[in-house]
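Working notes, beginning with the structure itself.
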Amino acid sequence: MPQIDVCLSPELYKLCDQENSIVVVIDILRATSAICTAFEFGVDKVIPVDSVEKAQEYKDKGFLVGAERNGKMLEGFDFGNSPYSYTDPRIKNQPVVITTTNGTRAIELAKNNHMVVIGAFTNISALCEWLADQNKDVLLLCSGWKGRTNLEDSMFAGAVVDRLFEHPTYDESYSDAALAARHLFLLAEEDPQVFLRNSSHRQRLADLNLKEDIKYSLQVDKTEVIPVLRDGELVRLEVEKPSAAKS
């Protein structure tokens with residue numbers, strides 16, 4: 001029977017059973033929220049890289065590039081890590097390269113696994129519906145902050161576990177980390193913004209006047225797109241929808 005597990009930090013990834021799992025990379029504030037936004041606004045593909053040096057190489061070749069470290073957009077690049085950056089009309093039908101403090105490093109960590117997809121509150125319903133149909137082990141990989149656990153990614157992982165909790169595909173096949181994340185989400189469910197009010201990364205972004213990014217990243221179902229990693233590039237996952245019944 002398929003299992004659901006949560007990796008609360010990239011530092012724990014090597015301890016998780018990921019070989020045959022669908023790995024969902026999570027970086028709510030803000031990388032995975034930004035990536036989902038880019039696809040909703042028509043990006044052709046997103047190329048995640050784990051260093052500023054690699055990002056600069058793409059920039060020198062003429063690519064549009066987003067680069068962020070420690071919450072700040074890096075000088076000389078086209079975008080930072082704000083979801084609002086990826087509503088820019090320039091990205092439509094174009095490839096975009098992105099490097100971030102935590103999210104793209106988590107993607108790099110998971111890239112050789114069975115399948116890697118991107119999760120955010122902005123695509124949570126589409127993601128969970130698709131996961132429920134796969135009949136595969138699921139590992140929810142929280143990007144955290146520089147190797148440390150954070151509340152927002154753990155809360156989102158718990159939200160996914162909660163949606164799948166009573167699904168017959170998974171029955172009661174949950175790790176302790178998955179159950180703990182679900183309980184965290186249930187504490188936060190009524191008002192996630194209030195729940196995260198004192199979290200470290202929320203405070204960090206608030207200090208950078210990025211409160212609107214926080215609000216955006218906690219909104220549910222702004223897109224039905226699920227980005228999937230193929231040959232080192234994020235593309236749209238083509239989800240087969242059931243055909244309409246004939247009248």
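Please determine whether any residue of the range 49-56 is under 21 Å from Asp231 (Cβ atoms), of a type outside the set (Asp, Glu), buried (at least 24 other Cβ atoms within 10 Å of the Cβ) and in contact with a helix residue (DSSP H, G or I) (Cβ under 7 Å, 6 or more places away or on another chain). The answer is no, given that none of the residues of the range 49-56 is under 21 Å from Asp231 (Cβ atoms), of a type outside the set (Asp, Glu), buried (at least 24 other Cβ atoms within 10 Å of the Cβ) and in contact with a helix residue (DSSP H, G or I) (Cβ under 7 Å, 6 or more places away or on another chain).
Residues in the range 105-156 that are among the aliphatic types (A, V, I, L, M) and more than 17 Å from Lys14 (Cβ to Cβ): Met115, Val117, Ile118, Ala120, Ile124, Ala126, Leu127, Leu131, Ala132, Val138, Leu151, Met155.
The selection criterion, being free of Cβ contacts under 8 Å to residues at least 12 places away in the same chain, among the charged types (D, E, K, R) and farther than 24 Å from Lys215 by Cα, holds for Glu172. Is it the case that the range 62-75 has a residue that's part of a helix (DSSP H, G or I) and either farther than 25 Å from Ile22 by Cβ or among the polar types (S, T, N, Q) (or both)? Within the range 62-75, none of the residues are part of a helix (DSSP H, G or I) and either farther than 25 Å from Ile22 by Cβ or among the polar types (S, T, N, Q) (or both). Tell me, yes or no, whether the range 110-124 has at least one residue that is basic (Lys, Arg) and either on the phi > 0 side of the Ramachandran plot or part of a loop (DSSP other than H, G, I, E, B) (or both). Yes, some residue in the range 110-124 is basic (Lys, Arg) and either on the phi > 0 side of the Ramachandran plot or part of a loop (DSSP other than H, G, I, E, B) (or both).
Exactly one residue out of Thr169, Thr122 is surrounded by 14 or more Cβ atoms within 10 Å (Cβ to Cβ), among the β-branched types (Val, Ile, Thr) and farther than 18 Å from Ala34 by Cα, and it is Thr169. Confirm whether Ile98 is buried (at least 23 other Cβ atoms within 10 Å of the Cβ) and β-branched (Val, Ile, Thr). So Ile98 fits the description; yes.
Just so you know, all these numbers are worked out from the coordinates, no wet-lab data involved. Worth saying up front: this structure is predicted, and the values here are computed from it rather than measured. So basically every Cβ, Gly included, is an ideal-geometry build from the backbone, and we count neighbours across all protein chains shown.
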